[in-house]
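Worksheet: the structure to be examined is printed underneath.
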Amino acid sequence: MQKPKGTYDVNGELGRKTICIVNLARTLMEKYNYEYWRTPLFESSDLFHRGVGETSDIVTKETYDFLDRGNRNMTLRPEGTAGIVRSFVENKYYANPTQPIKTWYYGPMYRYEQPQAGRFREFYQFGVEVFGSSDPAMDAEVISIPVNLYKMLGLKNIKVRINSLGDTDTRLRYREVLMNYFRPHLDKLCDDCKARFEKNPLRIIDCKVDHDLDIMKNAPKILDYLSDASKKHFDEVLEMLDSMEIEYVVDPEIVRGLDYYTDTVFEVTAESSNLGRQNVLCAGGRYNNLAKTIGGVDTPGVGFALGMERLISVLETEGIDLNTEAYLDVYVIPMDENYKKNAISLTQTLRLNGFKADTDYMNKNLKSNFKQADRLNSEFVIIIGSDEIKNKELTVKNNKTREEFKVKMDDIISFFDERIDEHE
Ligand code: ATP
Ligand code: MG
């Protein structure tokens, strides 16, 4: 049996890296005062058609759809935003007096894509969604989250790219301008773009196929058509970023693949990656019309989603070691089977006192147990046998220096407290 195409298994080093990054993200979200939210892995297909948009690649080509046994149309979530917005509306969070509502999530997403480096059919996203505030400072805070996470991880060559898609007025005006511009060149565009021309000409701008054509480079830029309100919003977002000392470039080519964005859109790219077009590490923006589209409640929103697989791949490219080597604080060895209960009980005590401890479950002899302690990269080894029980005194060995200690059983926790740093 083999795993399905486009999926991957997590184990060993990859498991330790994943947990390390997720822990870091969780701690960061606590500092930012965001709440953890979770929504189902599947939702009614209609949610994604309305939420993600009928003309997006995700909905037209990439969803995993199925009929459940009750003949309902269901879809494995291709992204996190639609579900979180549904949950926000369904649980009437718009009526909560504490606004804005700031949330984060982490979990698997499903898209039927052509698997390649940095592109899977099941992949994991960490993301945030914030509701209720249209303050430009809110956009800047959201952008600062992935930037700070990448910084904490030690990534060097990343770039924030930002653009504005304007409000509904802007979009309607720009749509006309784009249609007039592309109409005489339609025959040069790919089939997808020909279809986008009527439905959503804005999406032509981020076409990956036509990207290098001259007519794409010379296309009118949306920033030149922003309404006064949108222009002001965008300028203020940039000022907030400046005041947070977050570097960015304004990139008019960023229009994003999802239909729901308004005003700010941004991406963070890895400049040093060998992921090719998959070098976009995270992407997001403002979606002031989404809640209304999904649930009839007019609430502004802003958020981003960050891909775990691409992040881990770029950490490797940049040679960043997360210190995820396997290790143990203490390995407890019973002299023989008679001392198993003592070993188990001591291991339990050590764990409850915050140490990373393990013991023998293979009934090994003393020599093999010392080898096991080396394999597990244990800093200390404790031996329990008849003398130890009789004298209520444990034999403790520093497994690196080979130094040996006799420690009263009652003192064992303070012994390790003095010698083992707290591992995060
Ligand atoms: P792309 O242009 O690379 O297809 P996208 O616009 O579809 O990306 P979003 O839906 O905005 O991406 O998702 C945000 C992030 O999630 C991406 O920047 C990327 O890191 C990650 N991501 C998206 N699709 C995949 C995938 N199939 N496999 C792995 N990671 C993905
Ligand atoms: Mg995509």
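Restricting to Cα pairs below 8 Å that are 6+ residues apart, what does the relative contact order work out to for the chain? Please round to a whole percent.
Numbers: 707 pairs, mean separation 66.0, N = 424.
Dividing the mean separation by the residue count of the chain yields 16 percent.
Per DSSP helix of 4 or more residues, -39500 (n - 2.57); summed, then divided by the residues of the chain. What does that give at 222 nm, rounded to the nearest 500?
Values: 14 runs with 152 residues, N = 424.
So the helix-based figure for the chain works out to -11000 deg cm²/dmol.
Would you mind pulling out the separation of the Cα centroids of region 129-147 and region 330-351, in Å?
51
According to the Cα gyration tensor, what semi-axes, each the square root of 5 times an eigenvalue, does the equivalent ellipsoid of region 225-269 have, listed from largest to smallest in whole Å? Present the calculation step by step, with values, prior to reporting the outcome.
Numbers: eigenvalues 65, 48, 14 Å².
The three semi-axes for region 225-269 are 18, 16, 8 Å.
If a/c stays under 1.5 just call it rounded; otherwise compare a/b with b/c (prolate if a/b is bigger, oblate if not). Do that for region 328-419, with a ≥ b ≥ c from the square roots of the Cα gyration tensor eigenvalues. Each step should come with its number before you reach the end.
On the way: a/c = 1.31, a/b = 1.06, b/c = 1.23.
Taking the square roots of the gyration eigenvalues as a ≥ b ≥ c, region 328-419 is rounded.
With only Lys, Arg, Asp and Glu charged, each at its Cβ (+1 for the first two, -1 for the last two), find how big the charge dipole of the chain is about the Cα centre; round to the nearest 20 debye. Could the numbers behind the result be given before it?
On the way: 57 positive and 69 negative charges, 233 e Å.
About 1120 debye.
Picking from Glu239, Glu13, Glu122, which is most flexible by a Gaussian network model of the chain using Cα springs under 10 Å?
Comparing Glu239, Glu13, Glu122 in a Gaussian network model of the chain, the most mobile one is Glu13.
Enumerate the lysines that Lys92 could reach by cross-link, defined here as Cα to Cα under 18 Å, with residues fewer than 8 away along the same chain left out.
Lys102, Lys292
Which of the GluC sites (Glu not before Pro) across region 351-420 are loop residues per DSSP, with 11 or fewer other Cβ within 10 Å?
Details: sites: Glu379, Glu388, Glu393, Glu403, Glu404, Glu418; in loops: Glu403.
Answer by residue number: Glu403.
Does region 147-245 come out rounded, prolate or oblate by the C-alpha gyration tensor, with a ≥ b ≥ c the root eigenvalues, rounded set by a/c under 1.5 and, if not, prolate when a/b is larger than b/c and oblate if not? Don't skip to the end; give the middle numbers.
Working: a/c = 3.04, a/b = 1.54, b/c = 1.97.
Oblate is the answer for region 147-245, as a/c is 1.5 or above yet b/c matches or exceeds a/b.
If you restrict to DSSP beta bridges whose two residues both lie in region 328-419, what percentage is antiparallel, to the nearest 5? Kindly include the intermediate steps, with their values, before the conclusion.
Working: 9 of 18 bridges.
Of the beta bridges lying entirely in region 328-419, close to 50 percent run antiparallel.
Sticking to Cα atoms, compute the Rg of the chain to one decimal and its Dmax as the biggest Cα-Cα distance, whole number, in Å.
27.3, 94
What residue among Ser144, Ser227, Thr347 has its Cα farthest toward the positive end of the dipole of the chain, where the charges are +1 on Lys, Arg and -1 on Asp, Glu, each on the Cβ?
About the Cα centre, the residue reaching furthest to the positive side is Thr347.
Once the piece of chain linking Asn96 and Leu366 is laid out straight, how much longer is it, given 0.36 nm per residue of separation minus the C-alpha distance between them? List each step's numbers first, then the result.
Numbers: separation 270, 0.36 × 270 = 97.20 nm, distance 6.19 nm.
Result for the pair: 91.0 nm of gain on full extension.
At a 10 Å Cβ-Cβ cut-off, how would you order Tyr174, Tyr94, Tyr331, fewest neighbours first? Spell out each step's value before the answer.
Numbers: Tyr174 22, Tyr94 16, Tyr331 28.
With the fewest neighbours first, Tyr174, Tyr94, Tyr331 line up as Tyr94, Tyr174, Tyr331.
Below 15 Å, Cα to Cα, which aspartates and glutamates can Lys392 reach? Residues fewer than 8 away in the same chain don't count.
Once the sequence-local aspartates and glutamates are set aside, what remains near Lys392 is Asp410, Asp411.
Order by neighbour count: Val297, Val265, Val302, fewest other Cβ atoms within 10 Å first, most last. Mind showing how you got there, number by number?
Values: Val297 15, Val265 24, Val302 29.
Ascending number of Cβ neighbours within 10 Å: Val297, Val265, Val302.
Estimate the FRET efficiency between Ile413 and Tyr327 by the formula 1/(1 + (r/R0)^6), using the beta-carbon distance for r and 22 Å for R0, to the nearest 0.05.
On the way: r = 19 Å, r/R0 = 0.88.
Step by step, r from the Cβ atoms, then E = 0.70.
How high is the relative contact order of region 328-419, in percent, with contacts defined as C-alpha pairs under 8 Å that are six or more residues apart?
On the way: 134 pairs, mean separation 26.5, N = 92.
Averaging sequence separation for qualifying contacts and normalising by length gives 29 percent for region 328-419.
Here is the link list: Lys151/Lys231; Lys151/Lys217; Lys341/Lys364; Lys367/Lys397. Which ones come out longer than 22 Å on Cα distance?
Lys151/Lys231; Lys151/Lys217
Full extension from Phe66 to Asn11: what is 0.36 nm times the residue separation minus their Cα-Cα distance, to one decimal in nm? Before the final figure, lay out each step's value.
Numbers: separation 55, 0.36 × 55 = 19.80 nm, distance 2.95 nm.
Using 0.36 nm per residue and subtracting the Cα-Cα distance, I get 16.8 nm.
Values in this text are rule-based calculations from the coordinates and carry no lab data. Since the structure is predicted, the reported quantities are computational estimates derived from the model, not experimental observations. Because the Cβ atoms are built from the backbone with ideal geometry, glycine has one as well, and the counts that use them run over all protein chains shown.
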